[in-house]
Amino acid sequence: MNAGDRVRVERADQTHEGVLMPSTTGEHLVVKLEGGYNVGIDRDEADVEVLESDVYDVEEAQAESEQSTIEFDDDLPTVSLISTGGTIASTVDYRTGAVTAQFDAEDVLRAVPDLAGMANYRGRVVANILSENMTPDVWQDLAHAIHEEIEAGADGVVVMHGTDTMQFTASAMAFMLDTPVPIVFTGSQRSADRPSSDNVMNAVCAVEAAKSDCAEVLICMHADESDDRCALHRGVRARKNHTSRRDAFETVGAKPLGEADYSIDGDPEITFRREHRERDATDLDIDPDVETDVDLLKFTPGTDSAFLDALDGKSGVVLEGTGLGHVHTDWIPRIEDLVDDGTTVVMTSQCLEGRVCDRVYDTGRDLLEAGIVEGEDTLPGTAKVKLMWALANVESVEEAMSTSLAGEIQDRSVPWT
């Protein structure tokens, strides 16, 4: 029995079939199943039958994975590939059977060879973290890295990012950077060693979008469950609406800004359906400062107003209210105290569509008198990021929060589905 053999492993009442992978310990077997997942099994508790020998040449696969050639073509645009972590550029380590996230331009081309010939690439690592560990400090590092890449002549930037907090980081870049070129976030819902991985199509479409004339911060992910289109979402209007589907991201309150048709002979065709900032329409600039002492609090029936006590002294608070932007009337005096003490309190709605309007009902009018700032139809997560940025960069935070700075506020809230 050797690594690369196809085996059947029986343990207790479970049976697994797959390719035997090298193991880092002598006590365990590692079997790669047909679906791409690895399973570890205690050798002493398993009965192993070799079904076929040497069906997979592990050494040859490892050698092939280490070979890549990047040639510069004067006729191609230059796209900077920046990694913050996540699975999209991960490759299988055939020594251990694990998925690794080591990253440079060569690693990406090994993982996604379809990218070859689309552009000249530069690879750069800003962080290698799970996206739930993202922090404002990393946002700032990323903003500086993107600024440096564009300043050095990049025609577009693709940021590879874990999907769970991608919408927050994309929003941060939209407020921190004035960009003359596209900045495209992409990721992968399913790891590279799974047959259903979305890493190839997402990466190819993201690079094509980075070559387009839309100089905004975009999120590029599957438009549906098929492998034919990627949606191009405006970063400040998108949210992850599904935990695991490949088309997890949606634009809230409108259709996506554009799409990449992946079925055009392997050469994606980019189309935009709405107005957008065009390439070279603005000069490159960066304002990366943020005020981190900002919280987001969601109101639900029965939530004790004592929760607001923990917000004493905060620089800013974003509330996710019900409907048009409401909370229990018991909350209003505490909100007024916060405002009087210098905390900026912004009201958003937990509804998926529509905008805040606190002039319709008595509760809303009382909230306005207490000093809350209406967030219009800004998404709550985007509003938090925007408030963090506004507190550090603008004179009138209230005016900024009521003004669309990067497309986060729509002119009208109308049914669109």
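Of note:
- Global geometry of segment 325-401, whether rounded, prolate or oblate, following the gyration tensor of its Cα atoms and the 1.5 cut on a/c: oblate
- If the chain linking ASN2 and GLN14 were pulled fully straight, counting 0.36 nm for each residue of separation and taking away their Cα-Cα distance, it would gain 2.2 nm.
- Scaling against 2.2 N^0.38 Å puts the C-alpha radius of gyration of segment 275-331 at 1.75.
- Using the Cβ-Cβ distance between ASP114 and GLU151 with R0 set to 30 Å, the FRET efficiency from 1/(1 + (r/R0)^6) comes to roughly 0.55.
- Length released on extending from ASP224 to ILE129, taking residue separation times 0.36 nm less the Cα-Cα span: 31.5 nm
- Cα gyration tensor shape for segment 354-396, rounded if a/c is under 1.5, else prolate or oblate: oblate
- 1.4 Å probe accessible area per residue over segment 222-304, in Å²: 53
- At R0 = 25 Å, FRET efficiency that the Cβ-Cβ distance of LEU33 and ASP261 yields, to 0.05: 0.15
- Cα gyration tensor category, rounded, prolate or oblate, for segment 280-417 with a/c compared to 1.5: oblate
- Inter-centroid distance (Cα atoms) of segment 358-417 relative to segment 149-168, Å: 26
- Full extension of the chain between ASP47 and ASN393 gives 118.1 nm of extra length, using 0.36 nm per residue less the Cα-Cα distance.
- When each of the peptides 251-263, 228-240 is scored by the mean number of other C-beta atoms lying within 10 Å of its residues, the order from highest to lowest reads 228-240, 251-263.
- Here's the list of lysines a cross-link from LYS384 could span, going by alpha-carbon distance under 27 Å and ignoring same-chain residues fewer than 8 apart: LYS240, LYS255, LYS298, LYS314.
The values are calculated or read from the model by the stated rules, or taken from the named source; none is laboratory data. Keep in mind that what you see is a predicted model, and the values were worked out from it rather than measured. A quick note on method: Cβ atoms are made from the backbone with ideal geometry, for glycine too, and the neighbour counts reach across all protein chains shown. Quick note on the areas: whole protein, heavy atoms, side chains included, nothing else; ligands and nucleic acids left out. Shrake-Rupley method; radii C 1.70, N 1.55, O 1.52, S 1.80 Å.
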